[in-house]
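Q: For reference, the structure I am asking about is given below.
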Amino acid sequence: MLTLDTIRTAPKALLHDHLDGGLRPATVIDLAREFGYDALPTTDVDDLTAWFRRGADRKSLELYLETFQHTFGVMQERDAIVRVAAECAEDLASDGVVYAEVRYAPELSTEHGLTLDEVVEANLEGFRIGMDRAAAAGNPIVMKMLVTAMRQAARSVEVAECAIRWRDAGVVGFDVAGPEPGYPPTRYIDAFDRIRREHFHITIHAGQTFGLPSIWEALQFAGAERLGHGVRIVDDITVQPDGSVHLGRLAAFVRDRRVPLEMCPTSNVHSGAAASVVEHPIELLRRLRFRVTVNTDNRLMSNVSMSSEMQALDEAFGIGLGEMEWLTINAMKSAFAPFDERLRLINEVIKPGYARLRDTAVRVAAPH
């Protein structure tokens, strides 16, 4: 069993993390006080922390999403967004994350007059500040932004065009998020077409709580390069009584094409997409060598970090350092950063980091 210190030390890569799902509870209270947001259920840090986590763990994606009203509620001013983004970078870096793509829907922060572009600029400025602070603390991290459009809104084309405008300043792709039932990817074809015409990147929340049609449409109509969650791909896999496994056409396509699955085990349990971490499809998909990646989704709501997610997988399935490295390299191979940048992190940061940890483990285990 890996220790939490070892897991924290190991370099990790993160592809699926929501900016408005990772605020520090104390920051939520500070920003509410500073900018006059008076709808918080409590202004006690411990009570608010418990409220977020209790509210999210209700086995329903729709109920899970309700908790966000207070996080983006305090993110309506530029300075608030800069602070949240900077702290996000610092928090991830202190947990051993060396590369992160963090997503946010800029339309959620326009209630007080900010434009989509102003929200994205503030987010990227916060990332720059956070990266500088992390590097100064000895924990360098590369932060990128994914611009998200909300399924239940009607601004997907406008948001897609905003993402394209900032593609050379730190935005690396476009995402669609929110409730799946009733909002299939086909409703946003114009936005996806706009992104594809610019040779830009697409990841879509699909197959989280809705089934195989959501995944099929995301891949075949919307042109998704990655699947946000993708848990329900397991519905196209049959495990026979003798232990043999049969993949349906869609599952075989996803595996053969190496479509990355942005899996978030604890969050999936909280949203009802999986019964428990031990029963999460990630183990079967990992053994079948799908392009599985491990992610946090919403660190505040689900009370997780990349290290705690890896620890949960190690406790459930005994993944060890070898599989941790495989999962991390999967994520870096699947990242939307330029190829040279990905290769540098794999060869100069991730592989040497795991080699050092294995060497330390061997020396500790060696007889004196």
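Q: Within the stretch 3-17, does at least one residue satisfy the condition of being part of a helix (DSSP H, G or I), buried (at least 20 other Cβ atoms within 10 Å of the Cβ) and touching a residue at least 24 places away in the same chain (Cβ under 8 Å)? It would help to see each step written out before you state the result.
A: Applying the first criterion (part of a helix (DSSP H, G or I)) to the stretch 3-17 yields 4-9.
Pick out the ones that are also buried (at least 20 other Cβ atoms within 10 Å of the Cβ) and you get 7.
Right, trim to touching a residue at least 24 places away in the same chain (Cβ under 8 Å) and you get 7.
The answer is yes, given that some residue of the stretch 3-17 is part of a helix (DSSP H, G or I), buried (at least 20 other Cβ atoms within 10 Å of the Cβ) and touching a residue at least 24 places away in the same chain (Cβ under 8 Å).
Q: I'm checking my understanding of the structure. Among residues of the stretch 245-270 that are in a loop (DSSP other than H, G, I, E, B) and in contact with a Lys or Arg (Cβ under 7 Å, 6 or more places away or on another chain), which one is nearest to LEU327 (Cα to Cα)?
A: Among those that are in a loop (DSSP other than H, G, I, E, B) and in contact with a Lys or Arg (Cβ under 7 Å, 6 or more places away or on another chain), it is PRO260.
Q: For the stretch 268-297, give me each residue that is of a type in the set (Ser, Thr, Tyr) and touching a residue at least 60 places away in the same chain (Cβ under 8 Å). First the steps, then the outcome.
A: So in the stretch 268-297, the residues of a type in the set (Ser, Thr, Tyr) come out as 271, 276, 293, 296.
Within the stretch 268-297, SER271, THR293, THR296 meet the criteria.
Q: When you scan the stretch 198-244 for strands (runs of 3 or more DSSP E) that lie fully inside it, which ones turn up with 2 or more residues that are within 21 Å of the chain's Cα centre (by Cα) and in contact (Cβ under 8 Å) with a residue 24 or more places away in the chain?
A: 202-206, 226-229
Q: I've got another one for you. Within the stretch 120-142, identify whether any single residue is assigned to a strand (DSSP E or B) and within 16 Å of GLY178 (Cα to Cα), and answer yes or no.
A: Checking the stretch 120-142: not a single residue is assigned to a strand (DSSP E or B) and within 16 Å of GLY178 (Cα to Cα).
Q: Taking into account only those residues within the stretch 304-354 that are buried (at least 18 other Cβ atoms within 10 Å of the Cβ) and of a type in the set (Phe, Trp, Tyr), which is nearest to PRO140 (Cα to Cα)?
A: Ranking the qualifying residues of the stretch 304-354, first place goes to TYR354.
Q: Okay, moving on. Which ones in the stretch 334-351 are in a helix (DSSP H, G or I) and touching a helix residue (DSSP H, G or I) at 6+ places or on another chain (Cβ under 7 Å)? Steps first, answer last, please.
A: First, the residues of the stretch 334-351 that are in a helix (DSSP H, G or I): 334, 339-351.
Of everything in the stretch 334-351, those that are in a helix (DSSP H, G or I) and touching a helix residue (DSSP H, G or I) at 6+ places or on another chain (Cβ under 7 Å) turn out to be ARG342, LEU345, ILE346, ILE350.
Q: In addition: With touching a residue at least 40 places away in the same chain (Cβ under 8 Å), part of a helix (DSSP H, G or I), farther than 24 Å from VAL259 by Cβ and not basic (Lys, Arg) as the only criterion, which of ALA361, ALA331, ALA355 stands out?
A: Only one candidate qualifies: ALA361.
Q: Take ILE195 and tell me if it is touching a His at 6+ places or on another chain (Cβ under 9 Å), surrounded by 17 or more Cβ atoms within 10 Å (Cβ to Cβ), farther than 30 Å from SER60 by Cα and hydrophobic (A, V, I, L, M, F, W, C).
A: Values: touching a His at 6+ places or on another chain (Cβ under 9 Å): yes; surrounded by 17 or more Cβ atoms within 10 Å (Cβ to Cβ): yes; farther than 30 Å from SER60 by Cα: yes; hydrophobic (A, V, I, L, M, F, W, C): yes.
Criteria met by ILE195.
Q: Still on this structure, I have one more. Look at ALA89 and say whether it is small (Gly, Ala, Ser), under 25 Å from VAL120 (Cβ atoms), in contact with a strand residue (DSSP E or B) (Cβ under 8 Å, 6 or more places away or on another chain) and surrounded by 22 or more Cβ atoms within 10 Å (Cβ to Cβ). Can you show your working first?
A: Working: small (Gly, Ala, Ser): yes; under 25 Å from VAL120 (Cβ atoms): yes; in contact with a strand residue (DSSP E or B) (Cβ under 8 Å, 6 or more places away or on another chain): yes; surrounded by 22 or more Cβ atoms within 10 Å (Cβ to Cβ): yes.
It is true that ALA89 is small (Gly, Ala, Ser), under 25 Å from VAL120 (Cβ atoms), in contact with a strand residue (DSSP E or B) (Cβ under 8 Å, 6 or more places away or on another chain) and surrounded by 22 or more Cβ atoms within 10 Å (Cβ to Cβ).
Q: So PHE68 clears everything in (1) out of contact with any strand residue (DSSP E or B) (no Cβ under 7 Å at 6 or more places or on another chain); (2) closer than 23 Å to THR43 by Cβ; (3) modelled with pLDDT of 95 or more; (4) crowded, with 19+ Cβ neighbours inside 10 Å except one condition, right? Which one?
A: Looking at each condition in turn, PHE68 falls short on (3).
The values are calculated or read from the model by the stated rules, or taken from the named source; none is laboratory data. Worth saying up front: this structure is predicted, and the values here are computed from it rather than measured. With ideal geometry, Cβ positions are generated from the backbone for all residues, glycine too; neighbour counts draw on all protein chains shown.
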